[in-house]
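These notes concern the structure reproduced below.
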Amino acid sequence: MMDLQQFASAFGIDPTNARDALDRKRETSDAAAPWFVQGLLALGSWIAALVIIAFGGVLLIVVFELDADSTFGMVLGIMGLGVFALGFLILKSSTEGIFANQFGTAIAAAGQAMVAIGTGMYFDSVVAAAVVSIPFCVLVATHANSRALQTLSSASTVVLALLALGDLQFEFPLEITALGVVAGAYLTLRPPLRDLTPTALVLLMTGPLAAIMAGFLNEFGVAYSFFLAGWGARAVYGALSAYLFYTLWRQARDQPTRIRIALFALAAVVLSVMLPPGGSAAITIIVLAFVLGSHLLAVLGIGLQIYALSKFYYDLDITLLTKSMILVGAGIIMLALWAVMIRTQPKEQRL
Amino acid sequence: MVSQTKQDTDPGTIAEVLSVSQSKPRTDTIRLSDLNTLHQAGLVPGERYAEAAYQIKDHAFWSTWALRVLMALGTGHVLAGIIFFFAFNWADMSDFAKFAVVQGGIVITVLGALISGLDRPVGQSLLISASVLTGVVLAVFGQIYQTGADAYQLFFSWALLIIPWVLISRNAAHWLVWLIVACIAIGLYCQQILVPLKTIDDSETLLILGAFLGLAMTAREVACHLGAAWLRASWVRYVVLFPALGCLFMMAVWHVLDFHVVSLSTLAFLSALSAGLIVYRFVLPDFGAFAISIGFGGFFAMALGGRLIEDTIGFDADHFSILWSLAILTIWCVTVTAGMGRLLILLRHRFKEVQA
């Protein structure tokens, strides 16, 4: 741990500038409403936004007498464009109002969804819906000052992209989602000046999200079993975990610590290969949480690992006996590593 | 221990603690959120972000965290593997072996709890596991002997059998496990007995569940008042209050929107809502609980507005009245939401003043 003075001198920053930036942020945080009040207002804003969308839909059906065909899709898309622009303008013009912020977010997100659905209907293609979402996602990430909108925009684009992969019967969808996790990790480790944390988080969740969607769609009888392979994805997760530990290894100064980090890296790689892709992705997120010291990623990673375990039971490709052996093996590796770490723990616990 | 003392003296709220902690003067120690602020201010370049994160990390904390996660995940995977193994062989196991496995688990967890001590989290967690395994024993019993009993009897028995453990463990999470089991028992009793006998309507199950959770909420407040410190954590209040009001809210909204006519449900919801607003504003000031009540009140007002619009203008597509109705409904929803926000922000300062 470091104090501001030490940090400023280590990174060549003027301590006064750093203090000013932190104080400004603190003032903004103090003035902001608590998260649950914001959540409540977000819910209210969403209800209002949904009524507006219903209004638009009814306008199309009743006044313009449009049926659910390609013309309807085109008009819905154009209307969505207007709704998105309205939401965007509300966000741009309001810097402090909590309700206006949530309302603008809800309206803009609904607008993007309308454009995607309208385009999908017009071309009768989920790929078209995914493609048209990308510029909106980029626009939001680069110009909107709403983390909630950035999360919704990038999440909906990722979901559509996954559906498009399924629609195209792409052979290696899990590998693509694993590359999404790599992109998310890159944005987290080397963030650009603009705050892209929500996009990075969504990308990090892409791998597990694919597994969730695969299960969900299977329940509706859609053949998504090819999602459950993913040896390439496991290799990507293993390599990413190894790289993350390498960044720690580079900064460690003493040999015993480096050996401990190497052992961790080895275990992470072996576990990534052993476990199903969802579990491997979760292990990678846990490793990233550890490398950066991020509590949020730690909670997400552990939650995903528990979820992956519960989903593993329903995987029909292998028997319960094989699954049992994989899990016991993975558990023994983790416990063995734990025992080694406990025995070799230096006085200064620094990994 | 420190946090427990804080909870004992001040039931407080998570929300207040969170919001107050933001305004506390902080030490100069840099955290990850501070690093993000410095990075976005252009003071730390992106290529040095990971290095900076490493430098400011609380290494002692994260080393301990890593070891605990390794132990927990390792144990979890081994246990899951063992469960999968038994699941694989379950059909071939003798009845005796099935009982031995589950009851052996109960004996081990209870002994472990006694050895660890019921005042420690490990002991309490083991006793919670024993309570869960009790339900598994009852399920195995039903599976082997095919007793023909209704499912609600299993859950009632389960809830009754674990009461002593819940009381001696003095753990809020354990009490919540019991509450969930009891709610399932009541829900199943309504569905399997009262509904077929036409004593109640299908949807009235929610009303009964809401009333039961309201009773549980009242019992929790009284117990805290009488000195049950283990129930005082404010999250326990939120976890019970939210579904209690939620069940009554759903019934009331169905009534208002004319999906279901049980006039008692609106009365029950409004009574519970009024009680929540008065108690958590004046008797036991708690901004989080008050905000939950306000939220349900606001959404109920939206539904009420919808009903009024339907009765006056209507949602008739043939006469274009639907467009007017939707436009007015939009304005009403926006007004209610903005009003809720304004009220909560205003009252937040009042609550802070009361706490101060």
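The values are calculated or read from the model by the stated rules, or taken from the named source; none is laboratory data. Keep in mind that what you see is a predicted model, and the values were worked out from it rather than measured. Using ideal geometry, Cβ is built from the backbone for each residue, glycine included, and neighbour counts are taken over all protein chains shown. These area figures cover heavy atoms from the full protein model, side chains too; ligands, DNA and RNA do not enter into them. Shrake-Rupley method; radii C 1.70, N 1.55, O 1.52, S 1.80 Å.
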Provide the FRET efficiency to the nearest 0.05 for the B:Phe315-A:Ala183 pair, computing r from the beta carbons and using R0 = 45 Å. 0.45
At R0 = 22 Å the Cβ-Cβ FRET efficiency linking B:Leu167 and B:Phe242, nearest 0.05, sits at 0.35
Would any residue of region B:150-182 have its amide N under 12 Å from a label point 7 Å out along Cα→Cβ of B:Leu118? List them or say none. B:163-171
Given a 1.4 Å probe, how much area per residue of region B:268-312 is accessible, in Å²? 39 Å²
Expressed as a whole-number percentage, the relative contact order of chain B with C-alpha contacts under 8 angstrom and at least six residues apart is 13 percent
Of all stretches in chain B that avoid trypsin sites (Lys or Arg not before Pro) placed in a DSSP loop and having at most 12 other Cβ atoms within 10 Å, the longest is B:27-197
Between B:Lys198 and A:Tyr307, Cβ-based FRET efficiency (R0 56 Å, step 0.05) works out to 0.85
Give the shape of the protein assembly as shown as rounded, prolate or oblate, defined through the alpha-carbon gyration tensor: a ≥ b ≥ c are the square roots of its eigenvalues, a/c under 1.5 means rounded, and otherwise the shape is prolate if a/b is larger than b/c and oblate if not. rounded
Relative to the longest principal Cα axis of chain A, at what angle does helix A:126-143 sit, 0 to 90 degrees, rounded to 10? 80 degrees
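For region A:304-344, which chymotrypsin sites (Phe, Trp or Tyr not before Pro) are in a loop by DSSP, counting at most 13 other Cβ atoms within 10 Å?
Numbers: sites: A:Tyr307, A:Phe312, A:Tyr313, A:Tyr314, A:Trp338; in loops: A:Tyr313, A:Tyr314.
When the chymotrypsin sites (Phe, Trp or Tyr not before Pro) of region A:304-344 are filtered for loop state and at most 13 Cβ neighbours within 10 Å, A:Tyr313, A:Tyr314 remain.
Of A:Tyr186, A:Tyr237, which has the most accessible area with a 1.4 Å probe, and how do the rest follow in descending order?
From most exposed to least exposed: A:Tyr186, A:Tyr237.
Please label the shape of region B:239-356 as rounded, prolate or oblate, based on the square roots a ≥ b ≥ c of the eigenvalues of the alpha-carbon gyration tensor (a/c under 1.5 means rounded; beyond that, a/b larger than b/c means prolate, else oblate).
Since a/c reaches 1.5 but b/c is at least a/b, the shape of region B:239-356 is classed as oblate.
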For every helix of n ≥ 4 consecutive DSSP H residues, a contribution of -39,500 (n - 2.57) applies; sum these over chain A, divide by its total residues, and give [θ] at 222 nm rounded to the nearest 500 deg cm²/dmol. -27000 deg cm²/dmol
Roughly speaking, what is the stretch gain from B:Ala91 to B:Trp235, that is 0.36 nm per residue apart minus the C-alpha to C-alpha distance, in nm to one decimal? 47.7 nm
Region A:263-332 and region B:268-289 have their Cα centres apart by a whole-number Å value of 44 Å
So what's the angle, to the nearest 10 degrees on a 0 to 90 scale, between helix A:255-274 and the longest Cα principal axis of chain A? 50 degrees
In whole Hz, what ³J(HN,Hα) sequence does region B:228-241 give by Karplus (6.51, -1.76, 1.60; θ = phi - 60°), x for Gly and Pro? 6, 5, 5, 9, 7, 3, 5, 4, 4, 4, 5, 5, 8, 4
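Taking all protein chains in place and a 1.4 Å probe, what share, in percent, of the accessible surface of region B:38-83 do carbon and sulfur account for?
65 percent
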First check a/c for chain B, with a ≥ b ≥ c the square roots of the eigenvalues of its C-alpha gyration tensor; if it is under 1.5, answer rounded, and if not, answer prolate when a/b is larger than b/c or oblate otherwise. oblate
Which ³J(HN,Hα) values, rounded to whole Hz and listed in residue order, are derived for region B:60-76 from phi using the Karplus coefficients 6.51, -1.76 and 1.60 in 6.51 cos²θ - 1.76 cosθ + 1.60 with θ = phi - 60°, glycine and proline given as x? 4, 4, 6, 5, 4, 4, 4, 5, 5, 5, 4, 5, 5, 5, x, 4, x
Gained length - A:Ile332 relative to A:Asp195, 0.36 nm times residue gap less alpha-carbon distance: 45.3 nm
Using a 1.4 Å probe and counting only protein heavy atoms, how much accessible surface gets buried when B and A come together, both sides summed, in Å² to the nearest 100? 7600 Å²
Helix A:173-189 against the longest principal axis of chain A: what's the angle in degrees, Cα atoms only, rounded to the nearest 10? 70 degrees
Applied in sequence order to region B:123-128, the curve 6.51 cos²θ - 1.76 cosθ + 1.60 (Karplus, θ = phi - 60°) yields integer Hz couplings, x standing for Gly and Pro, of x, 5, 5, 5, 5, 4
Under the rule of -39500 (n - 2.57) per DSSP H run of 4 or more residues, summed and divided by the residues of chain B, what mean residue ellipticity at 222 nm is obtained, to the nearest 500 deg cm²/dmol? -26000 deg cm²/dmol
